[in-house]
Amino acid sequence: DRQLDRVEIDLSAYTGQQVTLSLVTTPGPKGDSAYDWAGWVEPQIENYREKSFILVSDGPNKIYENLNALPRAWIVHQALQVKSGNLKTVKKYLSHPNFDPATTAIIEVDNASKQMIEYAPKKSYPGEQAITTAYSAESVTIEADLVEPGLMVLADAMYPGWKVYVDDVENPILTTNLFMRGVYLEPGNHTVQFRFVPYLFYIGLAISGLTALLTILIVAYSLTGKKTLRRAA
């Protein structure tokens with residue numbers, strides 16, 4: 001005895017204003033929702049979309065591209081320093097209504113004595129870019145062009161084993177915006193490469209090296225022992 005009913009709401013009186021619609025599930029006639037309740041199923045506002053969204057696939061499931069979304073890598077010129085591991089403070093800054101990830105980053109450092117740092121007096125510079133030229137599970141290469149010093153943010157997960165090289169020179173990698181990767185860059189053109197080399201790789205390499213060295217010593221000792229026995233005979 002249930003059916004979906006279409007409800008129309010006239011919002012013309014709120015033209016130009018931000019409107020919040022609250023959808024509430026109410027109990028059934030028995031005062032509970034155990035066997036008899038009404039609820040919202042896939043609520044949507046028909047024929048409405050933000051101007052920043054363009055339709056890229058009009059199939060059974062519509063897919064829109066968000067033109068305001070940040071790219072995979074971008075440049076910022078302001079950073080708020082937070083002591084490493086202080087996730088509560090990082091989340092507080094990220095959730096602040098005035099926080100803009102396009103211009104500012106939250107970075108975790110061991111010594112956070114200086115809270116806000118500015119790499120340059122402006123928040124953005126025309127012509128600056130960070131273009132991803134190669135991407136795989138264990139390596140990301142980005143060509144960056146900066147007008148002023150800044151922080152390049154890569155919207156990929158930070159994880160032990162990741163290293164960053166700027167023009168083939170290893171640089172400190174920064175935990176940025178809670179889970180992303182960041183690296184400081186000087187003005188100019190740079191080739192930035194993130195490489196994943198897990199610690200287990202180094203452990204395995206060390207074990208292999210020790211094993212090879214031990215094998216050489218055993219063989220050398222064995223040959224030396226045989227020569228000694230021959231001379232004694």
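The values are calculated or read from the model by the stated rules, or taken from the named source; none is laboratory data. Remember, predicted model here, so these are calculated numbers, not experimental data. Quick reminder, even Gly has a Cβ in these numbers, built from the backbone with ideal geometry, and neighbours come from all protein chains shown. All accessible areas refer to the heavy atoms of the entire protein, side chains included, with ligands and DNA or RNA removed. Shrake-Rupley method; radii C 1.70, N 1.55, O 1.52, S 1.80 Å.
Applying the condition of being closer than 29 Å to Thr89 by Cα and of a type in the set (Asp, Glu) to the stretch 123-169 and asking which residue is farthest from the chain's Cα centre (by Cα) yields Glu148.
Return the residue satisfying two criteria in turn: it lies in the stretch 76-131 and is among the acidic types (Asp, Glu) and part of a loop (DSSP other than H, G, I, E, B), and of such residues it is modelled with the highest pLDDT. Across the stretch 76-131, the extreme among qualifying residues is Glu128. The residues in the stretch 187-203 that are at pLDDT 95 or above and open to solvent by 70 Å² or more (accessible area, probe 1.4 Å) can be counted, and the count is 2. Residues in the stretch 51-70: is at least one within 22 Å of the chain's Cα centre (by Cα), outside any strand (DSSP E or B), closer than 21 Å to Leu151 by Cβ and at pLDDT 90 or above? The answer is yes; a qualifying residue exists. Taken over the stretch 164-178, residues that are aromatic (Phe, Trp, Tyr) and surrounded by fewer than 13 Cβ atoms within 10 Å (Cβ to Cβ) amount to 0.
Residues are listed down the side, and each one gets a yes or a no for (1) among the acidic types (Asp, Glu); (2) loosely packed, with under 15 Cβ neighbours inside 10 Å; (3) over 20 Å from Val192 (Cα atoms):
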| position | (1), (2), (3) |
| --- | --- |
| Leu80 | no, no, yes |
| Gly85 | no, yes, yes |
| Ile107 | no, no, no |
| Asp110 | yes, yes, yes |
| Glu118 | yes, yes, yes |
| Pro121 | no, yes, yes |
| Glu128 | yes, no, no |
| Thr133 | no, yes, no |
| Ile142 | no, no, no |
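Quick grid of which residues meet (1) closer than 17 Å to Val183 by Cα; (2) touching a helix residue (DSSP H, G or I) at 6+ places or on another chain (Cβ under 9 Å):
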site	(1), (2)
Lys91	no, no
His96	no, no
Phe99	no, yes
Ala120	yes, no
Ile131	yes, no
Val147	yes, no
Gly150	yes, no
Leu154	yes, no
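For Val147, the criteria (1) out of contact with any strand residue (DSSP E or B) (no Cβ under 6 Å at 6 or more places or on another chain); (2) surrounded by 11 or more Cβ atoms within 10 Å (Cβ to Cβ); (3) closer than 26 Å to Pro198 by Cβ hold in every case but one, which is (3).
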